[in-house]
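A short worksheet on the structure shown next.
Computed from the coordinates by the stated procedures, all read-outs in this text should not be read as laboratory data. Quick caveat, the model's predicted, so the values are computed rather than measured. When we count neighbours, we look across all protein chains shown, and the Cβ atoms used for this are built from the backbone with ideal geometry, even at glycine.
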Amino acid sequence: MPGNALGIRDYRPRDADSTLALFQRAVREVAARDYTPAQLEAWAGDMDQRVWAHSLERQCTWVAMWGSTLAGFASLNDHGHIDMMFVSPEHQRRGVASTLLMTAEQAVRQRGMNRMTTEASLTALPFFKARGFEVVKAQEIERRGQVLRNFRMQKCLKKIKPVGKRC
Ligand SMILES: CC(C)(COP(=O)(O)OP(=O)(O)OC[C@H]1O[C@@H](n2cnc3c(N)ncnc32)[C@H](O)[C@@H]1OP(=O)(O)O)[C@@H](O)C(=O)NCCC(=O)NCCS
């Protein structure tokens, strides 16, 4: 893939370490503008690598490659819920998350579903709003003794006939 081209491909088990590293950097460096250091560590510190790998493998997960560099990744569960959406600090505001979201939306439509949901961080709220999601409710979740504010969001999709493979 050319060095300046964005490509999306399915997640492979060997992507586990690089996606975990990207997740931790995206939280610590990008979400740092919206959460305290203690909240960031509760969110992304001390992750269990096996639990991480299992979680990404059992969902539909895609990685975004900028040339040969991992630029982001996203995962979608069986209920049309975007579980993960993370872009590296170096690739912010270049359309990486938008491209991943389009891929996920296509998979949701192919399943014959007409609604997507997510739980957006304060940092991701403007992104999901810009891509057609609406806030269902603001919530506070407890993680390792810290309370983090996020937003349950949804996007209604026009229904189409299911086609092709699931994801
Ligand atoms: C949220 C996140 C995934 C967005 O990724 P991205 O690749 O930078 O997003 P895109 O470039 O596709 O943005 C598309 C549009 O969303 C909106 N948007 C994205 N980030 C924004 C921001 N920080 N402020 C305002 N609008 C924003 C803009 O309308 C943008 O279009 P534009 O750049 O042409 O103005 C990324 O910032 C990230 O990884 N954040 C830290 C981790 C995190 O909180 N992840 C979500 C967990 S729920």
Fill in: Cα-centred dipole magnitude for the chain, charges only on beta-carbon of K, R (+1) and D, E (-1), debye, nearest 20
820 debye
Worksheet item: So which DSSP H runs in the chain come out at 20 Å plus along the axis (Cα) with average Kyte-Doolittle of at least -0.5?
Response: 96-110
Practice prompt. Arrange the following residues from fewest to most other Cβ atoms within 10 Å of their Cβ: LYS155, LYS137, LYS129.
Written response: LYS137, LYS129, LYS155
Response to the item:
Proximal lysine pairs in the chain, meaning Cα under 18 Å and 8 or more positions apart or interchain, come to 4
Response to the item:
The orientation-averaged projected area of the Cα convex hull of the range 1-148, in nm², is 8.8 nm²
Practice prompt. Would you mind ranking LEU148, LEU101, LEU6 so that the residue whose beta carbon has the fewest other beta carbons within 10 Å leads the list?
Written response: LEU6, LEU148, LEU101
Fill in: Debye log10 I(q)/I(0) for the range 86-152, one point scatterer per Cα, at q = 0.24, 0.27, 0.28 Å⁻¹
-1.11, -1.20, -1.22
Fill in: Residues ILE82, ILE141, sorted so that the one with the fewest Cβ neighbours within 10 Å comes first
ILE141, ILE82
